[in-house]
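Have a look at the structure below before the remarks.
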Amino acid sequence: MTDQAGRVLVVDDDETVRDVVRRYLEVAGFTVDVAGNGQEGLQSFAARQPDLVVLDVMMPGLNGLDVCKRLRQISQVPIVMLTALGEEENRIAGLQLGADDYVTKPFSPKELALRVASVLRRARLPLAEPAAAELADGNLRLQMSARHATLDGRELPLTAREFDLIAFFLAHPGVAFSRADLLEKVWGWDFGDQSTVTVHVRRLREKIEREPAKPVRVATVWGVGYRYDPGHS
């Protein structure tokens, strides 16, 4: 599984969960480091520089949301959050802080390994669509092969999923997509919580809109979803 090879850091205070997740990820071809709490996780991240972090939300002391926030201050490493069933507020908070994906406990370790592979693959590879080397709308520019975005000539710090989302919008200007459409076409999921899309659109607006509360680029199409309107700077 050469396309899945990489180093993953698993941060969870439950030793059983850490062990099971580690074994499944190793079978899938990953090198795995583990940490039992948030502080250990940050130290391991600094020392090992993993390609992706699997991060439990509910941990004593420095919880997963705190760790996610600190990681986003220094890195755009892909983050997959582990949240308990019923912790919708924590799932949304994690996405708002910049997590790329989440898996709900109790979860299938095999599903988690597939999610990790999917997030890493999308973070590493240029999008198959569009074929253009660059996508641009006024002062917003995306270099596709480098997965590099700029706004007004300054680097735009986007997570892997945010980059995929804005690239998809730029490639399909003026077309309205439902949240289910975006979940399938950008996330590659044919099921899942559509609030994931809502949160990512909100984060994207905060980064590319001059007035995020009054978006002109990523427009809401009431009763449908979202549409990208080009021609704004």
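Q76 meets all of the listed conditions (1) over 22 Å from E206 (Cβ atoms); (2) in contact (Cβ under 8 Å) with a residue 12 or more places away in the chain; (3) not small (G, A, S) but one, namely (1). Can we say L114 is outside any strand (DSSP E or B) and under 17 Å from F163 (Cα atoms)? So L114 fails the test. Can V20 be described as over 19 Å from S75 (Cβ atoms) and among the β-branched types (V, I, T)? Against the criterion (over 19 Å from S75 (Cβ atoms) and among the β-branched types (V, I, T)), V20 qualifies. Answer yes or no: is there a residue in region 50-71 that is farther than 24 Å from P106 by Cα and of a type in the set (A, V, I, L, M). Checked region 50-71: at least one residue is farther than 24 Å from P106 by Cα and of a type in the set (A, V, I, L, M). Do we have any residue at all in region 6-26 that's modelled with pLDDT under 90 and outside the structural domain of T196 (by TED's automatic domain parsing)? Yes - at least one qualifying residue is present in region 6-26. How many of the residues in region 15-30 are over 16 Å from V80 (Cβ atoms) and not in a helix (DSSP H, G or I)? Number of matching residues: 1.
The set of residues in region 176-233 that are touching a Lys or Arg at 6+ places or on another chain (Cβ under 7 Å), in a loop (DSSP other than H, G, I, E, B) and either of a type in the set (K, R) or buried (at least 18 other Cβ atoms within 10 Å of the Cβ) (or both) contains only P215. The residues of region 131-159 that are aliphatic (A, V, I, L, M) and assigned to a strand (DSSP E or B), listed by number, are L135, A136, L140, L142, A149, L151.
The values are calculated or read from the model by the stated rules, or taken from the named source; none is laboratory data. Not measured: the values here are computed from a predicted model. No Cβ is skipped: glycine too gets one built from the backbone with ideal geometry, and neighbour counts run over all protein chains shown.
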